[in-house]
Amino acid sequence: MENKIKLLIVDDEVSFLNSIAKRLEMRDFQVTKATNGIKAMEAARSKKFDLALVDLKMPGMSGQKLLEFLKSDHKFLEVIILTGHGSLESAAKCTKLGAYSYLPKPYEFDRLIELLKEAYQFRLQKKFENDLKRMEKIQQIATGDSALGIMRRLRQLDDDEK
């Protein structure tokens, strides 16, 4: 289970949600399903995900609002918008808000798999670059100060990244 890509899928069409989840689980994704934005937010608060596949048009909270929440609370989470109600305007808006990609329904399953793999690689690259910068900061902090001063600066660095 630990080596699988952790994927949150959010869609209000339950039959579609169950179908796509099953197909992705067979492709070795660890899938968590949510039927609306509120349930997705609760799941994202309690678990860590690598990727999210979010329907744009849902009752209650829209996929766009959920995208904003996910990107603000989860620094390295990559989100793919999957929608049957897309437009050029909504695609541009979602991309501006940080969506990795925007895929209209109906879609080709192989294209979805390809996008998920690309988004995961992008996530890993961003995380690696962030970790390198963090290590450089730690190395700078670790030289030329007292032990207590180093601990204070490390705590501040840690607080800044939360």
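Every number in this text was worked out from the coordinates using simple rules, so none of it is lab data. Since this is a predicted model, take the numbers as computed values, not measurements. Because the Cβ atoms are built from the backbone with ideal geometry, glycine has one as well, and the counts that use them run over all protein chains shown.
In this Cβ point-charge picture (+1 for Lys and Arg, -1 for Asp and Glu), the stretch 5-128 has a dipole of about 400 debye about its Cα centre.
So which GluC sites (Glu not before Pro) in the stretch 1-102 are both in a DSSP loop and have at most 11 other Cβ atoms within 10 Å of their Cβ? Don't jump to the answer; show the numbers that get you there.
Values: sites: Glu2, Glu13, Glu25, Glu42, Glu68, Glu78, Glu89; in loops: Glu2, Glu13.
Hits after loop and neighbour filter: Glu2.
Beyond 18 Å in Cα-Cα separation lie the following of the pairs Lys65/Lys93; Lys4/Lys117; Lys33/Lys96; Lys22/Lys127; Lys22/Lys57: Lys33/Lys96; Lys22/Lys127; Lys22/Lys57.
At a Förster radius of 22 Å, what calculated FRET efficiency corresponds to the Cβ-Cβ distance of Asn18 and Ile113, to the nearest 0.05?
On the way: r = 18 Å, r/R0 = 0.82.
Computed FRET efficiency for Asn18 and Ile113 comes out at 0.75.
This structure gives log10 I(q)/I(0) by the Debye sum over Cα atoms at q = 0.12 Å⁻¹, computed directly, and of [x] -0.91; [y] -0.57; [z] -0.50 that value is listed as [y]. If you average the alpha carbon positions of the stretch 33-71 and of the stretch 81-136, how far apart do those two centres end up, in angstrom? Here the answer is 14 Å between Cα centres. Straight-line cross-link partners of Lys133 among the lysines, defined as a Cα under 23 Å from its Cα and at least 8 positions apart when in the same chain: Lys48, Lys71, Lys75, Lys162.
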